[in-house]
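The values are calculated or read from the model by the stated rules, or taken from the named source; none is laboratory data. Computed from a prediction, not measured in an experiment: that's the story for all the values here. Neighbour counts run over all protein chains shown; Cβ positions are idealised from the backbone, glycine included.
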Amino acid sequence: MNTTDFASIDFFTDRSLYDNPYPYFEWLRSQGAVWREPFHDVVMVTGYDEAKVIYNDNATFSSCNAVSGPFPGFPVPLVGEDVTDLIEQHRDELPFSDQLPTFDPPKHQDHRGLLMRLITPKRLKENEAFMWRIADQQISEFIDNGACEWIAEYTSPVTLLVIADLLGVPEADHSEFQDELQSNRRARSAVGSSDGAAMAHKPLEFLYDRFTKYIEECRRTPREDVMTGLALATFPDGTLPNVVDAMRIAANLFAAGQETTARLLGNAFQFLGERPDIQIKLRDDRSLIPAFIEESLRVESPIKGDFRLSRVPSTIGGVELPAGTTVMLLNGAANRDPRMFENPSEFKLDRPNGRHHIGFGFGLHTCAGAPLARSEARITIERILDRIENIGINETEHGNANERHYTYAPTFMLRGVQNLHLTFDKIA
Ligand code: HEM
């Protein structure tokens with residue numbers, strides 16, 4: 001595709017960008033670190049510094065459209081020098097309006113505070129013990145085959161069950177949650193869809209019922225467990241949230257943490273399969289695993305971008321953004337900004353500033369589950385290196401090294417392979 005063709009590409013609907021959005025991102029960057037695309041009037045931010053300025057400025061930029069962006073569009077015309085009141089009047093009509101990433105201060109702090117009371121260091125430690133166990137259990141299911149489809153056989157079930165465990169979903173109910181995962185792909189694929197009809201107003205309904213039941217039970221009969229902790233956790237001012245708010249926290253964690261971490265594990269193992277040299281380095285020196293995870297997040301950011309809506313006029317990167325502007329912070333492009341990262345498309349384990357990527361966002365809304373995602377990736381890699389060697393890409397499924405073909409998530413938000421067929425040798 002040549003440069004002229006990119007001008008005719010609509011990032012939000014064009015399927016040709018799913019496989020490899022990066023040449024398009026570079027074309028966007030050549031238009032400027034901040035540039036208004038013509039199809040949906042969205043200001044695309046590919047600059048690392050510019051993205052951080054916006055992430056940090058919650059007074060100017062609302063998160064009300066963080067997940068939905070320009071779809072289905074704000075319910076009323078956003079006219080005037082300050083659209084704050086219009087946003088407040090209509091924000092509840094936007095998709096995902098009941099989820100933490102779309103909240104603004106002060107409500108955001110209260111609800112994030114509630115969430116952070118659940119993801120405590122102590123709870124994360126207990127959750128890690130479960131991760132080691134579930135990682136082994138899942139690997140045992142396919143290890144004797146010498147091959148696996150990594151996404152279906154490992155990343156999807158493990159990422160789901162880790163969050164279920166974090167929240168204290170009884171193990172007896174885990175398989176039911178797995179079945180729901182399978183049958184609710186439609187709801188999750190609504191994230192990053194430009195199809196307004198497909199984007200249900202509350203795409204998590206299926207989890208809401210379950211958690212309402214758990215929380216009501218725990219409030220009636222408190223026990224010494226995590227679910228009771230969730231049911232009885234209070235806002236920072238000491239008030240008890242209503243059941244609906246407590247339930248949403250739980251359901252939101254599934255939405256925010258499951259598919260994203262599954263993408264990270266998919267991307268990381270695609271790199272491992274493609275790069276035997278990196279595999280050897282990690283095996284020789286396990287202390288390189290964290291750097292490997294950060295570089296995976298930088299080079300292939302599982303969330304390609306988040307949105308913001310400007311309340312008042314501002315100037316970012318020399319570009320004027322009037323009130324009512326929809327902005328897309330392209331993490332996947334900012335993480336390859338050559339002003340920040342040298343030879344940005346190169347995967348380098350010893351990159352000195354690799355950890356400074358914004359794959360988990362930045363500022364007030366920075367990913368609440370980042371420690372959990374990092375632990376999940378680290379434990380997975382540790383156990384795989386212990387039990388398996390010579391991980392390779394299955395050439396029958398993905399073609400030989402010169403003609404690789406992968407299918408990527410069909411959304412403009414998420415980045416990662418839909419399936420990943422690996423081959424390997426079991427360590428005796
Ligand atoms: C590799 C995996 C993950 C990636 C790449 C990722 C990425 C992100 C990003 C970019 C944001 C910022 C959104 C914004 O500013 O609009 C975010 C927020 C969030 N993430 Fe993650 N995430 C991951 C895993 C998780 C996990 C495992 C959990 C929970 C267990 C989680 C929970 C959340 C929550 C609750 C928020 C909203 C925080 C807020 O609005 O204050 N994430 N994530």
Q. Mind checking whether some residue in the stretch 233-248 is more than 23 Å from Ser97 (Cα to Cα), among the basic types (Lys, Arg) and at pLDDT 80 or above?
A. no
Q. How do the pairs read when you match residues in the stretch 277-289 that are surrounded by 15 or more Cβ atoms within 10 Å (Cβ to Cβ) with residues anywhere that are of a type in the set (Val, Ile, Thr) and in a helix (DSSP H, G or I), using Cβ under 8 Å and keeping only pairs 6 or more apart or on different chains?
A. Leu282/Ile289; Leu282/Ile381; Ile289/Ile381
Q. Under the condition of being farther than 30 Å from Pro410 by Cβ and in contact (Cβ under 8 Å) with a residue 60 or more places away in the chain, which residue from the stretch 331-350 is farthest from the chain's Cα centre (by Cα)?
A. Arg339
Q: Within the stretch 307-329, track down each residue that is within 11 Å of the ligand (Cβ to nearest atom), touching a helix residue (DSSP H, G or I) at 6+ places or on another chain (Cβ under 7 Å) and not aliphatic (A, V, I, L, M).
A: Arg308
Q.
Asp57 - would you say it is within 15 Å of the ligand (Cβ to nearest atom), in contact (Cβ under 8 Å) with a residue 12 or more places away in the chain and surrounded by fewer than 19 Cβ atoms within 10 Å (Cβ to Cβ)?
A. yes
Q.
Taking the condition of being surrounded by 15 or more Cβ atoms within 10 Å (Cβ to Cβ), without any contact (Cβ under 8 Å) to a residue 40 or more places away in the chain and over 30 Å from Phe235 (Cβ atoms), how many residues in the stretch 106-155 meet it?
A. 4
Q) Taking helices (runs of 4 or more DSSP H) that fall entirely within the stretch 39-132, which contain at least 3 residues that are modelled with pLDDT under 95? A) 107-116
Q | When residues of the stretch 393-409 are limited to those that are assigned to a loop (DSSP other than H, G, I, E, B) and at pLDDT 95 or above, the one nearest to the chain's Cα centre (by Cα) | A | Thr407
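So that you can scan it fast, the table gives a plain yes or no per residue for (1) loosely packed, with under 15 Cβ neighbours inside 10 Å; (2) part of a strand (DSSP E or B); (3) away from the ligand (no atom under 16 Å from the Cβ):
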{"position": "Gly332", "(1), (2), (3)": "no, no, no"}
{"position": "Arg336", "(1), (2), (3)": "no, no, no"}
{"position": "Glu346", "(1), (2), (3)": "yes, no, yes"}
{"position": "Phe360", "(1), (2), (3)": "no, no, no"}
{"position": "Arg374", "(1), (2), (3)": "no, no, no"}
{"position": "Thr380", "(1), (2), (3)": "no, no, no"}
{"position": "Asp386", "(1), (2), (3)": "yes, no, yes"}
{"position": "Ile391", "(1), (2), (3)": "no, yes, yes"}
Q | Unmet criterion (only one of (1) free of Cβ contacts under 8 Å to residues at least 24 places away in the same chain; (2) within 13 Å of the ligand (Cβ to nearest atom)) for Asp85 | A | (2)
Q) Can you name the number of the only condition in (1) under 16 Å from Leu349 (Cβ atoms); (2) more than 20 Å from the chain's Cα centre (by Cα) that Glu294 fails? A) (2)
Q | Residues satisfying the stated conditions in the stretch 348-358, i.e. surrounded by fewer than 22 Cβ atoms within 10 Å (Cβ to Cβ) and either assigned to a loop (DSSP other than H, G, I, E, B) or of a type in the set (S, T, N, Q) (or both) | A | Lys348, Leu349, Asp350, Arg351, Pro352, Asn353
(Q) Could you check the stretch 310-330 and list, in sequence order, the residues that are in a loop (DSSP other than H, G, I, E, B), on the phi < 0 side of the Ramachandran plot and either acidic (Asp, Glu) or touching a residue at least 60 places away in the same chain (Cβ under 8 Å) (or both)? (A) Arg311, Val312, Pro313, Ala323, Thr325, Leu330
